[in-house]
Each structure stands twice: as C-alpha cells, then as structure tokens.
Amino acid sequence: MQLLLIIVVIQEKMKNSRLDKFIADNLNITRKQARSLICKGNITVNETIITNSNYQVTLNEDRVYFNSELLIAKPKFQYFLFNKPKGYITASKDRAHNTVVDLLPSYFIKDKIMPVGRLDKDTTGLLLFTNDGELAHRLISPKRAIYKTYIAKIDKLINEEDILTFKNGVELSDFKALPAELKTSEIGEYYAQVKICEGKFHQVKRMFAAIGANVEELDRISFGPLIKDIPIGTIRELTSVEVKELYSICNM
Ligand code: URA
C-alpha cells in the first residue's frame with residue numbers, strides 16, 4: 001500500500017547530537033551502518049568531510065550532508081494523521097492479526113511513534129500517531145472529553161426518539177454513555193453521524209445496538225480539531241497549526 005508522507009519540519013531548540021546518531025536517525029539506518037558511512041567519508045559537516053563518529057553536531061546550525069543530500073534534524077516529537085483501512089488492529093505487534101504498524105514506515109517503531117487510542121479492526125478512519133507521550137495521555141484521558149465524530153452505516157433508519165436517546169445518554173449494560181449528538185448523514189439514509197466524547201471499547205457499536213441498529217461500517221471522520229482529509233491507507237504529518245490546536249485543547 002502506498003503511503004503519502006507530507007513532511008513538515010518543526011524547528012527544535014538548538015542542541016547537540018553525536019554524528020552517528022544524527023545520521024542513523026535521519027537515514028533510518030542503524031548506528032553501525034551510520035558509522036560505516038562516516039568512516040567511508042560520505043558525510044560532510046559544514047563542507048568538511050568528517051570521519052569521526054563522535055563528532056558533535058549542533059542541530060539546526062551545522063549543515064550535514066550525506067553525499068549531496070542535506071540532512072535535516074528530526075523534531076523531538078512527531079505527529080501524524082493516518083486514515084486507517086479495514087482489517088488492521090490498532091496495536092504495534094500481534095501474532096494473529098495484521099496491525100496498523102505493518103502499514104507505516106519502519107522508523108515509527110524505532111522512534112516510538114504510537115497510535116493515540118484505538119479503532120476496531122473493521123473500523124476505518126482517523127487515527128493520530130505521535131511519540132509525544134504527555135499529549136497522547138491527555139488526549140485519551142476521560143477527564144478531557146475530546147470529541148470524535150463517526151459515520152456509521154446501519155441497518156435501520158434513525159428517528160427522533162433515537163436522536164433523543166443519544167442526547168440524553170444511552171444506557172449500556174455497564175455504564176451510561178455521556179450525551180452524544182446523533183443525526184442522519186447526507187451520505188445516504190442508512191448512514192448516521194454520531195459525535196461522542198468518550199472512547200470506551202466498542203462504544204459506538206454498543207450505542208447503536210441499544211437503539212436496535214447494527215453497525216455495518218464505521219468510519220471516524222474527526223478527532224478533536226483534526227479532520228480526516230486524506231485517502232484511505234495514507235498518512236500525513238500534522239501541520240504546526242494542528243499541533244498547536246491539540247496542545248490548546250489539552251491545556252499544554
Ligand atoms: N466505537 C466503536 O464501536 N468502534 C470503534 O472502532 C470506535 C468507536
């Protein structure tokens with residue numbers, strides 16, 4: 001599957017990195033491979049060939065080249081919006097199932113870029129990935145009540161009573177869901193749009209089941225301020241404005 005990566009470089013405060021680490025991080029290779037490139041004289045820093053792997057690179061100041069390619073320091077935290085396809089579980093490793101991580105660049109694991117929350121195996125749509133642990137923690141905290149919007153294909157037509165039931169909080173076997181917004185979707189009469197601020201296991205499917213509807217397809221179209229705007233199976237970096245919006249709703 002083709003992945004679309006739109007890279008937006010977020011400036012980091014000036015700091016140092018060992019040259020072999022810098023090369024390994026940028027080229028997504030091992031430190032050993034990076035040291036080999038350095039020894040072979042493939043790396044220049046500020047127009048001088050450097051063969052010492054210990055060399056300290058001043059990030060965002062030194063100009064480091066691999067042959068003629070300028071390498072740009074990776075930001076400390078990275079943020080990606082992924083449009084998850086069906087058939088993949090939201091986990092990093094699983095013996096029995098394909099996971100979303102199978103679809104993403106291998107450096108996601110190396111850089112600890114993880115999904116924020118979960119979508120079911122058969123759910124499609126917006127999944128945020130980041131290695132910003134504090135932000136991820138706040139976004140999934142029930143205290144924060146971040147809104148998520150889903151489009152569900154269901155097997156019945158929703159009516160005013162269903163809309164009211166969602167608005168008043170659907171009674172489930174183990175808890176009462178917080179008030180949710182339900183409306184018909186312009187996609188078709190068997191499609192409903194639902195906005196919830198919780199993220200419990202199978203929550204949307206269970207809420208529909210409570211009004212006698214079976215969810216045949218489920219697609220997440222928004223998560224807080226983020227809107228799904230890329231084709232299925234593709235990924236893009238968040239813009240700096242989107243990152244700021246996430247920070248703002250998390251009081252960071
Ligand atoms: N609710 C569900 O039932 N499934 C999802 O994947 C997400 C929300």
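Sorting the segments 53-59, 28-34, 150-156 by their mean number of nearby beta carbons within 10 angstrom, highest to lowest, gives 150-156, 53-59, 28-34. Given R0 = 35 Å, the distance between the Cβ atoms of Thr44 and Lys76 translates into a calculated FRET efficiency of 0.90.
Rounded to 0.05, the FRET efficiency of the Ala91 and His137 pair, given R0 = 22 Å and the Cβ-Cβ distance, is 0.80.
Taken over the chain, the alpha-carbon convex hull comes to 145 cubic angstrom per residue.
Taking only alpha carbon atoms, the stretch 16-71 gives an Rg to Rh ratio of 0.89, where Rh is the Kirkwood radius. Relative contact order of the chain: 21 percent, from C-alpha pairs under 8 Å at least 6 residues apart in sequence.
Note on Asn60 and Ser222: with the Förster distance fixed at 30 Å, the Cβ-Cβ geometry gives a FRET efficiency of about 0.35. Excluding the site residues themselves, the longest part of the chain lacking any GluC sites (Glu not before Pro) in a DSSP loop with at most 16 other Cβ atoms within 10 Å is 62-185.
Here, each number is a calculation from the coordinates, and none is a lab measurement. The model shown is predicted, which means the values in this text are computed figures rather than measured ones. We place every Cβ from the backbone using ideal geometry, glycine too, and count neighbours over all the protein chains shown.
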